[in-house]
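Read through the structure below, which is laid out as structure tokens, and then see the notes.
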Amino acid sequence: MDPVTPRSGNLRRTVLCLLIFSLAAMVCTDEDYYKLLGISRASSSREIRQAFKKLALKLHPDKNQNDPSAHDKFLKINRAYEVLKDEDLRKKYDKYGEKGLDENQGGHYESWSFYRYDFGIYDDDPEIFTLDKVEFDGAVNSGEVWFINFYSPGCSHCHDLAPTWREFAKEMDGLIRIGAVNCRDERMLCRSRGINSYPSLYIFKAGMNPVKYFGDRSHENLVHFAMKYVSSAVTELWAGNFRSSLENSFASGVGWLITFCADTGDCLSTQTRLKLAAMLDGLVSVGWMDCTTQGDLCDNLEISSSTTAYFPPGASLANKEKSDILFFNSLDTKEIYKEMMDRLPDLEMLSPDSLKDRLTYHRWLLFFTFGHDREFHLSEFKKLNVLLRGDHIQVNKLVDLHTFTTRNVFCINTFFVSCKVGRFDCQSYPSTCSSLYIHKPCVAAFKGKGVNDFEIHHGKTSVYELVTFAKESVTSHVITLGPTNFPGNEGEPWLVDFFAPWCPPCRALLPELRKASKRVFGHVRFGTLDCTIHEGLCNMHNIRAYPTTVVFNQSNTHEYEGHHSAEQILEFIEDLRHPSVVTLTPTTFNELVKGRSRDEIWMVDYYAPWCGPCQALMPEWKRMARHLSGLISVGSVDCQKYSSLCSKEYVNAYPEIRLYPANRDNPHYYHGYNGWQRDSYSLKSWALSYLPKMAIDLTPDSFNENVLKGKDHWLLDFYAPWCGPCRSFAPEFEYVARLLKGKVKAGKVDCQAYGQICESAGIRAYPTVKFYPYLGSKKKNVGGEHVDTRDAKEIVKVVTARIGYIKMQHRTSQKDEL
Ligand SMILES: *[C@@H]1O[C@H](CO)[C@@H](O)[C@H](O)[C@H]1NC(C)=O
């Protein structure tokens, strides 16, 4: 038997784990993290930071030097903060408690002055949004203009800028959105955006590349710069354009806000006009008139001193009757804006009678209200009519032309849709709302397929979040579920997201679900179930943490354990549709693994569902299994479920990866994986090294006789024993050899031992792959054909295509001869 004893490796690792556990015991706490920070489970990331900062300033060991337990106490709250601020860790904590967490989390903290001066520096400014990755994506895709400050708490220029940035945010409130990204917390986000100095200030606007601000960081220059990205047009009106301008706008239902400047009194300043024009963009046209030069016109309108007036669509211009014209006394931007918004027509009201008809032909964003809710600033949402107008929402539809051709041909059909905005009052029509399980004010997107095809919005009801939501939702296929449409044991597969609206990781998952739903449309349907409303259904499915995502396929259920990303969700679904990893039970383990045939190889992952490294391994494991399909069988054993199997197999650390090789008389014999890297590539290379080698080692003689003169196609790997890339390519080449088995022979040439072959073949770099096709009677060219890739699948593609072409040429030349 092989002298390798995998068990000893396990022992070492177990000892290591025990050590870490005993250290962790000092840090760990069984107190609830939310209680420790004094926050609710629904807290937002800003609230978590604020709560932690307050505690940090009070309990920090720097300020409690006489308290010997201060350090330990502070570690506890630091750990709670580190876990809850991270969306993935927070979910894991909610689901498994401390068991699922890395023991070292939160073992390191900063000085008191860091928390005092560098931590959460914009959390007390309501106008500044501190954005995390998900919020950032939502913001820059919303269609609003965002000016974002990427900063790092350690940078002194960032602190110098902070007071100016705050004042600037106040001034620009309502015109553009002001954001901040803490690059210390959001490293990946900042890196992916190419931020390499702090502070970096960028403007984001839909349909435009982000623009970096290079000017000096004074209040005036920031305003001047930002105003350039604000759509703001103020028209000077005079006798020559007055009537036509107004009539044109009126024709499309838009009124005019005009400030008249005369010798006496005050009209709006240029700055105020510009701001109002921006804030009312698309809703109201803004203009001004100089009554000292346009005296007749002003007289005609009976305006004798400076004033500001709103002319709603259809207002009579010459008529002295000005009942429908609204005059403003204020000179303040926000006051005028607010009054103006109140004056605009309300959102379209739908009734049960019109509902069905309207929802079938258009996409809608519908506000469900209960009389006059203070919760909604409905007048502010009149803006949505403009932001969601016709040409704004892009739909990319993947169309399969399968029915027209024999092969799968896809094309992307892009078009634009509109989303109407309306309101439905639940107080007037309670039965309609209760049939939709709507019991409190909310906003829902209807996807144009009737009353039941809708998704309720969860999150802030701010204009920009609603725009993002509406755009995503009406083009995706996620719907809100309830008892009436909850999937049963029959019909199509469904992915159901059990969630609670207060849970931030749940809200972060929703956009990812929407993305994923578009890609597997037609194979899997997507729904969300709000466990705060449908407690019974959630209990029935034994939901213990939010979000819990489950795929129901007939009577089978599969719980999703991965990250909250569309890519991983899609991979999960792909794996369900075409499983690459066998879920082993004690019975199948004995039958398939222990009872494997002599030429079969098995790889098994022994894991526990709560173990972090196991969860990280799972997607890599599946990816590896897909690569190895046909060569090596891959399985996994849940050691929580089948603990007796795992203890019988002496599994004592998770994840435990074993390879059960071929051709063994002892079926229990295995190799354990001790590598540090558990990515699919490393695992695959390791596994391939246990396959019997297929590529033939060539010598000058065999190269000449078999490759050049022989009647086979040959694929060669030219390498040098000392070259690192060659070593990592070797298993990949073995893989190619297997994929091409029967069609192409595979060989390897050691260029250190047989320099002359490599020289005559023109090899200049290692490793080099060359193809030597057999083209009939001729001797093959010593230089072969260069294959310009080291990716197994690509190599196979290139070679297969080449063989196909050679065959075709062969057939035509035969025909010619006939
Ligand atoms: C659902 O089950 C069917 C039949 O077992 C299978 O063919 C299909 O791929 C499954 N789909 C998903 C998404 O799991």
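Is it the case, given these coordinates, that V634 is within 16 Å of the ligand (Cβ to nearest atom) and either within 29 Å of V524 (Cα to Cα) or over 28 Å from the mean Cα position of the chain (by Cα) (or both)? Against the criterion (within 16 Å of the ligand (Cβ to nearest atom) and either within 29 Å of V524 (Cα to Cα) or over 28 Å from the mean Cα position of the chain (by Cα) (or both)), V634 does not qualify.
Quick check: anything in the range 136-155 farther than 30 Å from K471 by Cβ and in contact (Cβ under 8 Å) with a residue 60 or more places away in the chain? Taking every residue of the range 136-155 in turn, none turns out to be farther than 30 Å from K471 by Cβ and in contact (Cβ under 8 Å) with a residue 60 or more places away in the chain.
Note on the range 474-490: residues that are outside any strand (DSSP E or B) and either away from the ligand (no atom under 13 Å from the Cβ) or small (G, A, S) (or both) amount to 11. Of all residues in the range 565-613, those satisfying the criterion of being within 16 Å of the ligand (Cβ to nearest atom) and farther than 30 Å from V134 by Cα are H578, P579, S580, V581, V582, T583.
Going by the structure shown, is A226 in contact with a helix residue (DSSP H, G or I) (Cβ under 8 Å, 6 or more places away or on another chain), at pLDDT 90 or above and either part of a helix (DSSP H, G or I) or within 30 Å of F328 (Cβ to Cβ) (or both)? Criteria met by A226.
Residues satisfying the criterion are absent from the range 137-150 (criterion: in a helix (DSSP H, G or I), of a type outside the set (D, E), touching a Phe, Trp or Tyr at 6+ places or on another chain (Cβ under 6 Å) and farther than 23 Å from R507 by Cα).
Please verify whether L570 is under 24 Å from the mean Cα position of the chain (by Cα), at pLDDT 90 or above and buried (at least 16 other Cβ atoms within 10 Å of the Cβ), treating the condition exactly as stated. Walk me through it before giving the result.
Working: under 24 Å from the mean Cα position of the chain (by Cα): yes; at pLDDT 90 or above: yes; buried (at least 16 other Cβ atoms within 10 Å of the Cβ): yes.
Judged against the criteria, L570 is a match.
Please identify the pairs in which a residue from the range 522-535 that is closer than 15 Å to F498 by Cβ has its Cβ atom under 6 Å from the Cβ atom of a residue that is within 16 Å of the ligand (Cβ to nearest atom) and among the charged types (D, E, K, R), counting only partners at least 6 apart or on another chain. Note: pairs meeting the criteria are T528/D497. Here the condition is being among the charged types (D, E, K, R) and within 15 Å of F718 (Cα to Cα); of K770, K797, it holds for K770 alone. Here the range 684-700 is the region considered, the condition is being touching a strand residue (DSSP E or B) at 6+ places or on another chain (Cβ under 7 Å) and at pLDDT 90 or above, and the residue that is surrounded by the most Cβ atoms within 10 Å (Cβ to Cβ) is A687. W502 falls short on exactly one of the conditions (1) under 30 Å from K85 (Cβ atoms); (2) in contact with a Pro (Cβ under 7 Å, 6 or more places away or on another chain); (3) surrounded by fewer than 23 Cβ atoms within 10 Å (Cβ to Cβ); (4) of a type in the set (F, W, Y), and that condition is (2). Taking the range 593-626 as the range and being of a type outside the set (D, E, K, R), surrounded by 17 or more Cβ atoms within 10 Å (Cβ to Cβ) and part of a helix (DSSP H, G or I) as the test, the residues that pass are V593, G612, C614, Q615, L617, M618, P619, W621, M624, A625. Scanning the range 73-97 for residues that are modelled with pLDDT of 80 or more and more than 19 Å from R507 (Cα to Cα) yields a total of 10.
Just checking: which of the strands (runs of 3 or more DSSP E) contained wholly in the range 358-457 hold 2 or more residues that are modelled with pLDDT under 75?
In the range 358-457, 393-400, 410-417 are the strands (runs of 3 or more DSSP E) which contain 2 or more residues that are modelled with pLDDT under 75.
Just for the range 491-519: of the residues that are within 16 Å of L570 (Cβ to Cβ) and more than 19 Å from the chain's Cα centre (by Cα), which one is farthest from the ligand (Cβ to nearest atom)? Across the range 491-519, the extreme among qualifying residues is W494. Checking the stated criteria, V467 turns out not to satisfy the condition of being in a strand (DSSP E or B), of a type in the set (A, V, I, L, M, F, W, C) and closer than 26 Å to D173 by Cβ. Within the range 520-546, being hydroxyl-bearing (S, T, Y) and closer than 22 Å to I573 by Cα holds for T528, Y546.
Yes/no per residue for (1) under 19 Å from Y607 (Cα atoms); (2) at pLDDT below 90; (3) in contact with a Pro (Cβ under 9 Å, 6 or more places away or on another chain):
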{"site": "E649", "(1), (2), (3)": "yes, no, no"}
{"site": "Y660", "(1), (2), (3)": "yes, no, yes"}
{"site": "Y669", "(1), (2), (3)": "no, no, yes"}
{"site": "E705", "(1), (2), (3)": "no, no, no"}
{"site": "R738", "(1), (2), (3)": "no, yes, no"}
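Checked against (1) within 42 Å of the chain's Cα centre (by Cα); (2) modelled with pLDDT of 95 or more, R727 meets all criteria but (2).
Only a single criterion out of (1) outside any helix (DSSP H, G or I); (2) under 30 Å from Y650 (Cα atoms); (3) not charged (D, E, K, R) is not satisfied by A687, namely (1). Output the residues belonging to the range 775-797 that are of a type outside the set (A, V, I, L, M) and within 49 Å of the chain's Cα centre (by Cα). G783, G784, E785, H786, D788, T789, R790, D791, K793, E794, K797 - these are the residues of the range 775-797 that are of a type outside the set (A, V, I, L, M) and within 49 Å of the chain's Cα centre (by Cα).
The number of residues in the range 520-561 that are more than 16 Å from the ligand (Cβ to nearest atom) and part of a loop (DSSP other than H, G, I, E, B) comes to 11.
The values are calculated or read from the model by the stated rules, or taken from the named source; none is laboratory data. Only a predicted model underlies this, so the values are computations on that prediction, with no experimental measurement involved. Positions of Cβ are backbone-derived with ideal geometry, glycine not excepted, and every protein chain shown enters the neighbour counts.
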